[in-house]
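First comes the structure, then the notes that go with it.
The values are calculated or read from the model by the stated rules, or taken from the named source; none is laboratory data. Since the structure is predicted, the reported quantities are computational estimates derived from the model, not experimental observations. Cβ sites come from the backbone with ideal geometry, for glycine too, and all protein chains shown count toward neighbours.
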Amino acid sequence: MSYYSHLHLEKEPFSTSPDPAFFYRSYVHDSSLKRLEIAIRLKRGMSLILGDVGTGKTTLSRALLQNFKDDGEFIFHIVLDPNYKSEFQFLASLIRMFGISPSIKSTLDYKQAIEHYLFQKVVEEHKTVVLLIDEGQKLSAANLEILRTLLNYETNEYKLLQLVIFSQLEFLSRIKKIKNFYDRITLSYVINPLSLQETREMIDFRLHQAGYHNGNGKLLFNDDAIQNIYDYSQGYPRRISRICHDALEFIVMHEKESVDSQVMQEIIHHQL
Ligand SMILES: Nc1ncnc2c1ncn2[C@@H]1O[C@H](COP(=O)(O)OP(=O)(O)OP(=O)(O)O)[C@@H](O)[C@H]1O
Ligand SMILES: [Mg+2]
């Protein structure tokens with residue numbers, strides 16, 4: 001049963017996928033996105049976006065891609081899971097992504113081929129090459145060293161590679177110890193959870209994007225329910241989204257019209 005059609009919605013409002021169409025621009029999400037865009041356009045090198053589990057890092061990376069998608073000057077490459085066992089494996093994967101095929105398969109040759117590729121794209125073809133790495137906390141020390149090498153490739157004015165790492169908070173204490181890597185971060189931004197007001201706005205935004213029209217003036221989630229959601233989720237977008245999904249499913253199953261505090265308490269009571 002698709003609950004959303006019972007509520008006159010066109011789409012599922014609280015899916016857990018990082019769809020940019022459902023990206024609510026909270027203050028932190030919006031300002032981090034703008035600052036990332038500026039860093040990339042100015043070719044400043046490395047940016048780091050940190051945030052706890054489920055704060056919206058992957059969603060933010062999709063929104064960033066979306067913002068650049070019609071601009072042919074930018075070439076984006078994305079690593080979703082940088083859990084490479086060796087430097088060679090990491091380089092080999094970058095080589096494949098960049099669409100280059102050096103004749104000699106060695107770490108040194110791969111690095112040189114990447115430098116050549118970056119020079120060609122950025123200096124000769126006037127493109128901006130951006131490498132997005134999600135799940136940055138999975139990068140090993142050896143692979144951080146590879147990234148540091150790639151960031152050394154530069155002209156007098158700018159870096160040849162724009163690197164954006166999205167990572168959980170634990171990564172910070174690790175990289176602080178690697179001074180020559182840490183020093184190269186030009187933008188760092190921590191994604192904090194949402195406020196109560198933003199929690200309401202995110203829910204309303206996602207409902208609106210899913211085609212919900214508040215025709216009879218009645219809110220689908222009343223204020224008490226929002227307060228319950230906030231208390232439960234502490235403003236973490238993934239938790240907000242999940243609990244809202246459960247709440248809508250509940251009211252459809254119980255033939256109710258809206259989510260109130262009683263519904264929320266019932267649902268929260270059954271969460272893990
Ligand atoms: N700004 C936002 N607006 C609307 N929904 C959001 C927002 N940020 C996150 N979400 C929702 O929260 C969920 C988790 O987001 P996301 O996967 O981006 O988090 P994450 O920080 O990458 O988590 P993890 O650390 O586990 O990788 C997704 O379902 C996403 O749709
Ligand atoms: Mg993620």
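Structural remarks
- Within the range 237-261, the residues that satisfy the criterion of being among the basic types (K, R) and either in a helix (DSSP H, G or I) or buried (at least 22 other Cβ atoms within 10 Å of the Cβ) (or both) are R238, R239, R242.
- Residue within the range 72-91 that is more than 10 Å from ligand 1 (Cβ to nearest atom), in a helix (DSSP H, G or I), surrounded by fewer than 14 Cβ atoms within 10 Å (Cβ to Cβ) and not aliphatic (A, V, I, L, M) present: yes
- Total residues in the range 152-162, condition outside any loop (DSSP other than H, G, I, E, B) and buried (at least 19 other Cβ atoms within 10 Å of the Cβ): 3
- Residue in the range 18-50 that is farthest from ligand 1 (Cβ to nearest atom), counting only those that are without any contact (Cβ under 8 Å) to a residue 60 or more places away in the chain and in a helix (DSSP H, G or I): I38
- The residue that is farthest from ligand 1 (Cβ to nearest atom), among those in the range 51-71 that are of a type in the set (S, T, N, Q) and either assigned to a loop (DSSP other than H, G, I, E, B) or in contact with a strand residue (DSSP E or B) (Cβ under 8 Å, 6 or more places away or on another chain) (or both), is S61.
- Inside the range 5-60, residues that are more than 12 Å from ligand 2 (Cβ to nearest atom), under 23 Å from L151 (Cβ atoms) and not hydrophobic (A, V, I, L, M, F, W, C) make up a count of 9.
Yes or no, residue by residue, for (1) assigned to a helix (DSSP H, G or I); (2) within 16 Å of ligand 2 (Cβ to nearest atom); (3) surrounded by fewer than 19 Cβ atoms within 10 Å (Cβ to Cβ); (4) modelled with pLDDT under 95:
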| site | (1), (2), (3), (4) |
| --- | --- |
| K111 | yes, no, no, no |
| L118 | yes, no, no, no |
| K121 | yes, no, yes, no |
| L132 | no, yes, no, no |
| E145 | yes, no, yes, no |
| S173 | yes, no, yes, no |
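- Scanning the range 12-67 for residues that are within 14 Å of the chain's Cα centre (by Cα) and aromatic (F, W, Y) gives F22, F23, Y24.
- The lone criterion from (1) out of contact with any helix residue (DSSP H, G or I) (no Cβ under 8 Å at 6 or more places or on another chain); (2) closer than 18 Å to G56 by Cα; (3) in contact (Cβ under 8 Å) with a residue 12 or more places away in the chain; (4) away from ligand 2 (no atom under 16 Å from the Cβ) left unmet by Y236 is number (4).
- Residue that is at pLDDT 95 or above and over 30 Å from I40 (Cβ atoms), where the choices are M253, M264, M202: M264
- Only residues that are closer than 12 Å to I203 by Cα and either in contact with a Pro (Cβ under 9 Å, 6 or more places away or on another chain) or not in a helix (DSSP H, G or I) (or both) were counted across the range 217-235, and they come to 5.
- Condition broken by I165, with the remaining ones in (1) outside any strand (DSSP E or B); (2) at pLDDT 95 or above satisfied: (1)
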